[in-house]
Amino acid sequence: MSALAEVSRRRDAASVLGLGPRSAELATANLSLETAPCAPAYQLFTGVLYEAAGLESIAEDAAGRGALADHCVILSGLWGAICPTDTVPDHRLSMGTSLPGPGRMSSFWKPHLAPTLKDMAAQGLVVDCRSADYAAAWKPSARDGIEVMTVRVVRMADDGTRKVVSHMAKQARGLLTGELLRTAAEQSLPQEVHADDVAALAARLNSVDDVELSAPDRMGRRVLTLMTR
């Protein structure tokens, strides 16, 4: 928090924090982290993935809030790993940012996240919807008794070629996240969820034309590919 506040006072704060011209002034939120009012993370975190997931609508009833608390983890550049129902102050710090002192946040958090998330993840299937910077902060492995499935999104062209599109990938992963959490709240998934269950649910999403589920790699990880047009 101290390192982030120090950077946020500088003239080049927006550049260091990766904020565009329209959002440069948001760096001032980092100057009052210890005294700012807090709100649940599901209200504060924004962006394509979060909007597609609709976490705030899921949290409208007790069952939804329970699903958020029990089944969803958000990786954060400032807080490491939080639950969507945790209350935090507004701030700006992505996992790909480097701060004087702590360094790159993904590297800073890696030794701290591994023991906590390893024990949590070993309780069931992990559906990994993180982007590259956040994935670098924790790399689950089957060697730790973790069943993990990474979600990949590709756009199918008319000639059959595949292309990764960042915006569309975030939206599709968000839709899958929201649907998984809703089914968890409704208790309509099996008690022990497997990769095939998630693949079948993903295939029913409106924006998904087809899905592919890979065999486990040498690390025991599987890839769920969502194909859109």
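Each value in this text was obtained by applying a stated rule to the coordinates, not by laboratory testing. Note that this is a predicted model, so its numbers are computed, not measured. Here the Cβ is made from the backbone with ideal geometry for all residues, glycine too, and neighbour counts use every protein chain on show.
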In region 204-223, is there at least one residue being closer than 21 Å to residue 66 by Cβ and either without any contact (Cβ under 8 Å) to a residue 40 or more places away in the chain or over 20 Å from the mean Cα position of the chain (by Cα) (or both)?
no
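Residues being closer than 9 Å to residue 49 by Cα and surrounded by fewer than 18 Cβ atoms within 10 Å (Cβ to Cβ): count how many of those fall in region 170-196.
Qualifying residue count, region 170-196: 0.
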Quickly run through region 98-116 and pick out the residues that are within 16 Å of the chain's Cα centre (by Cα) and within 23 Å of residue 46 (Cα to Cα).
105, 106, 109, 113
Restricting the search to region 207-224, which residues are over 15 Å from residue 172 (Cα atoms) and outside any strand (DSSP E or B)?
214, 215, 216, 217, 218, 219, 220, 221
